[in-house]
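See below for the structure under consideration.
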Amino acid sequence: MFTWICPQCGREVPPSAAECPTCAERQKQAAQPQQPAAQAPPPLQYTPPTYQPPPLQYTPPAPTPQPQQAYYPPQPPQQQPPPPLPQQQPPAQQSYSYPPPSGQPQYQAPQGQQPAQAVYTIGAENHKKGMPAWLVAILTIAVIGGGLFGVYKLVSSRNGSSTSATAAAPDVLSGTASKSHPYAKYLEVSGIRIIENAAKKPIVRFAVVNHSPAELSGLELRITFRAVNGPADAEPIAVVEAKVGSVPAHGIKDMESPLNTTMKVYELPDWQFMKSNFEITAPN
């Protein structure tokens with residue numbers, strides 16, 4: 001669309017207009033006489049109202065009417081009726097067996113009263129009898145005897161198992177000296193464990209216990225390991241020469257020695273199935 005630009009204001013004017021409408025409007029306003037501007041009305045001033053309280057007037061309260069008490073004439077005292085006489089209950093109906101049991105007196109009505117109607121039950125004396133006393137005594141004795149026998153068997157079995165465990169404990173858990181020696185009664189070999197070292201070789205670990213109040217030094221032991229349930233003449237599992245050295249008074253020394261045996265590690269019995277005997281080789 002083609003337009004032309006006004007040279008005065010620089011606006012685009014369509015070609016149908018002969019002059020710029022903006023400039024024409026400005027010229028029209030400039031030609032009209034200027035009217036004086038209207039004066040603004042003066043601002044309103046607010047005057048607050050003054051409050052005047054009404055005059056106080058005292059109004060006395062109206063008297064409260066007192067209620068009048070009603071007058072009642074005195075009434076004569078009422079006589080209480082006499083208490084009712086106790087009624088005599090009719091005699092209860094009683095049941096008697098026929099014929100009456102021997103040794104019991106028959107019923108007699110007291111004087112001045114009619115005998116109550118008696119109901120007789122035929123065959124009442126044929127009641128069911130309980131268990132004889134001799135049979136109850138026999139059953140009681142049998143039950144008490146059975147309970148005492150069971151307690152005796154239980155106690156005896158526990159005592160036997162504890163005795164056998166105590167008897168087997170020195171052979172299984174601790175080693176004993178094979179011959180007399182001054183230090184033999186003070187030494188104990190316990191805590192036997194057979195394991196493998198890093199080179200896959202069997203080793204035995206054990207503890208030497210000193211029960212004496214003095215230090216034992218220069219100890220050398222020859223320990224023989226056997227199976228608990230094996231025959232007496234069977235070959236030992238292994239024989240270990242241990243140079244213990246010094247053991248403090250009332251002390252324990254852990255030892256570890258290689259186990260020279262022809263058996264594999266998995267063929268060796270577990271620790272609770274092994275016993276040990278030791279011989280003190282030094283000091284002599």
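The values are calculated or read from the model by the stated rules, or taken from the named source; none is laboratory data. The shown structure was predicted, so the numbers you read here are calculated from the model rather than taken from an experiment. FYI the Cβ positions are ideal-geometry reconstructions off the backbone, even for glycines, and counts take in every protein chain you see.
Note on region 231-247: residues that are surrounded by 13 or more Cβ atoms within 10 Å (Cβ to Cβ) and in a loop (DSSP other than H, G, I, E, B) total 2.
Could you say whether any residue in region 200-221 is among the hydrophobic types (A, V, I, L, M, F, W, C), assigned to a loop (DSSP other than H, G, I, E, B), within 50 Å of the chain's Cα centre (by Cα) and surrounded by fewer than 16 Cβ atoms within 10 Å (Cβ to Cβ)? So that I can check it myself, show each step before the final result.
In the first step, residues of region 200-221 are kept if they are among the hydrophobic types (A, V, I, L, M, F, W, C); the result is 203-204, 206-209, 214, 216, 219, 221.
Subsequent filtering for residues that are assigned to a loop (DSSP other than H, G, I, E, B) retains 214.
If we keep only those that are within 50 Å of the chain's Cα centre (by Cα) too, we end up with none.
Checking region 200-221: not a single residue is among the hydrophobic types (A, V, I, L, M, F, W, C), assigned to a loop (DSSP other than H, G, I, E, B), within 50 Å of the chain's Cα centre (by Cα) and surrounded by fewer than 16 Cβ atoms within 10 Å (Cβ to Cβ).
Given the condition modelled with pLDDT under 80 and touching a strand residue (DSSP E or B) at 6+ places or on another chain (Cβ under 7 Å), answer yes or no: does some residue in region 262-282 qualify? Checked region 262-282: at least one residue is modelled with pLDDT under 80 and touching a strand residue (DSSP E or B) at 6+ places or on another chain (Cβ under 7 Å). The sole residue among Phe278, Phe273, Phe225 that is surrounded by 15 or more Cβ atoms within 10 Å (Cβ to Cβ) and touching a residue at least 60 places away in the same chain (Cβ under 8 Å) is Phe278.
Listed here are the residues, each with its yes/no results for (1) modelled with pLDDT of 85 or more; (2) loosely packed, with under 10 Cβ neighbours inside 10 Å; (3) touching a Phe, Trp or Tyr at 6+ places or on another chain (Cβ under 8 Å).
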residue: Ala109; (1), (2), (3): no, no, no
residue: Gly112; (1), (2), (3): no, yes, no
residue: Val119; (1), (2), (3): no, no, yes
residue: Asn126; (1), (2), (3): no, yes, no
residue: Lys129; (1), (2), (3): no, yes, no
residue: Ala137; (1), (2), (3): yes, no, no
residue: Ile141; (1), (2), (3): yes, no, no
